[in-house]
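Okay, so here's the structure we're looking at.
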Amino acid sequence: MKAIGVSGPGETDVVLLDLPEPPPPGRGQLVIEVEAAGLGPWDRLLNTGGWDVGLRPPAALGVEGVGRVRAVGPGVQEISVGDRVLAHDAPLPGGSGFWAEQVLVTAAHAALVPDALESVVAAALPVNGLTAVQVLEALGLTAGQRLLITNGGGSTGALAVQLAAAAGLAVTATASPSAAQRLHEYGANQVIDYHDPAWPRRAQAGFDAALIAAPGTAPSALPLVRDGGQLVSLTSDAPRSERGIASTDLYVRPDAAQLARLVTDLVQGRLRLAPDPVPLADGPSAYDRVTAGRTAGRKVVLVP
């Protein structure tokens, strides 16, 4: 089958591959015929030791996608052959990921997807959506509290803005000027141009929490958080705690129940996404663009 990934352990070049189909699913597993798969900056970590997802090269990359169930393993009760599912899976049970025509996944990490939801839109949801949900749950803020989000225009930040605004939080986001109108429509109270080196002075200090989605912004955000507040970094650079501020890093985890709720929000129009579909054959160049940060805030999705 056609795939995009790495040819050997430690390889960093992403290339077109011809891989065998996944093995028959074992207990609690599914084989999915992939309709679309998400691509993110984290994918560069899969074969370099930065994120051990059990990759066994030559293998496809990708830890998220949507598709039709082709085979069901023993013990799977709520998903059947022919169902359409969405998943973020890590570790990858077959040692190979979603950037392929088929993939083996853990059934407990998959959520059913209605046929009305377009594949490209669905595939843009799992990692970014789960990250946004999980960081907001970790913060545990209540309506009326103030949240600062850096890189609010990015794929995760934009979802966090929408979910936070829906929960009644007062959201300030840093983003490019081109994203400002979109983020205001999503519910942000204030959008600050991150290009301005003086952006921290434009934000009124005293935030209850800061969500760091842009590398290198945590040191500037921490002084804006009130004593005893919280800072959570999605970029593995949470600074040392001070003034009683809880400062931690957060890493996404698979969660089918959270994913199902996100699918419902998406179908019912409570969430909006801006995917950028790319043919699977163009995966190597898309990977280079994503890992270099040249996406203009749009989520790149590979389509077989």
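Summed over segment 196-213, the residues that are buried (at least 17 other Cβ atoms within 10 Å of the Cβ) and either touching a helix residue (DSSP H, G or I) at 6+ places or on another chain (Cβ under 7 Å) or polar (S, T, N, Q) (or both) give a count of 8. Of all residues in segment 176-195, exactly one satisfies the criterion of being in a loop (DSSP other than H, G, I, E, B), under 23 Å from the mean Cα position of the chain (by Cα) and surrounded by fewer than 18 Cβ atoms within 10 Å (Cβ to Cβ), namely S176. Scanning segment 225-239 for residues that are crowded, with 20+ Cβ neighbours inside 10 Å and more than 22 Å from the chain's Cα centre (by Cα) yields V225, G229. Among the residues of segment 244-298, those that are modelled with pLDDT of 95 or more, within 18 Å of L39 (Cα to Cα) and of a type in the set (V, I, T) comprise V252, V278. Does V113 satisfy the condition of being assigned by TED's automatic domain parsing to the domain that holds A71 and out of contact with any helix residue (DSSP H, G or I) (no Cβ under 9 Å at 6 or more places or on another chain)? The answer is no for V113.
Within segment 116-174, work out how many residues are in a helix (DSSP H, G or I) and among the basic types (K, R). Reasoning before the result, please.
Narrowing segment 116-174 to residues in a helix (DSSP H, G or I): 119-123, 126-139, 155-166.
Subset that is among the basic types (K, R): none.
Final tally of qualifying residues: 0.
For segment 201-209, the criterion of being in contact with a Lys or Arg (Cβ under 6 Å, 6 or more places away or on another chain) and either of a type in the set (D, E, K, R) or assigned to a loop (DSSP other than H, G, I, E, B) (or both) is satisfied by at least one residue.
Okay, residues lined up against (1) polar (S, T, N, Q); (2) closer than 28 Å to P24 by Cα:
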position: F98; (1), (2): no, yes
position: Q102; (1), (2): yes, yes
position: A107; (1), (2): no, yes
position: V113; (1), (2): no, yes
position: S119; (1), (2): yes, yes
position: G129; (1), (2): no, no
position: A132; (1), (2): no, no
position: L139; (1), (2): no, no
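Scanning segment 253-297 for residues that are assigned to a loop (DSSP other than H, G, I, E, B), of a type in the set (D, E, K, R) and surrounded by fewer than 18 Cβ atoms within 10 Å (Cβ to Cβ) gives R253, R270, R272, R294.
Taking residues in segment 123-142 that are farther than 17 Å from E35 by Cβ and without any contact (Cβ under 8 Å) to a residue 60 or more places away in the chain, and partners anywhere that are of a type in the set (S, T, N, Q) and part of a helix (DSSP H, G or I), the pairs with Cβ atoms closer than 9 Å and at least 6 places apart or on different chains are A132/T156; A132/Q162; E137/Q258. Once segment 13-43 is narrowed to residues that are among the small types (G, A, S) and within 16 Å of V303 (Cα to Cα), the residue that is farthest from the chain's Cα centre (by Cα) is A36. A221: assigned to a strand (DSSP E or B), touching a residue at least 40 places away in the same chain (Cβ under 8 Å), touching a Ser or Thr at 6+ places or on another chain (Cβ under 9 Å) and under 22 Å from A138 (Cα atoms), yes or no? So A221 fails the test.
The values are calculated or read from the model by the stated rules, or taken from the named source; none is laboratory data. Given the structure is predicted, the values throughout are model-derived calculations rather than measurements. No Cβ is skipped: glycine too gets one built from the backbone with ideal geometry, and neighbour counts run over all protein chains shown.
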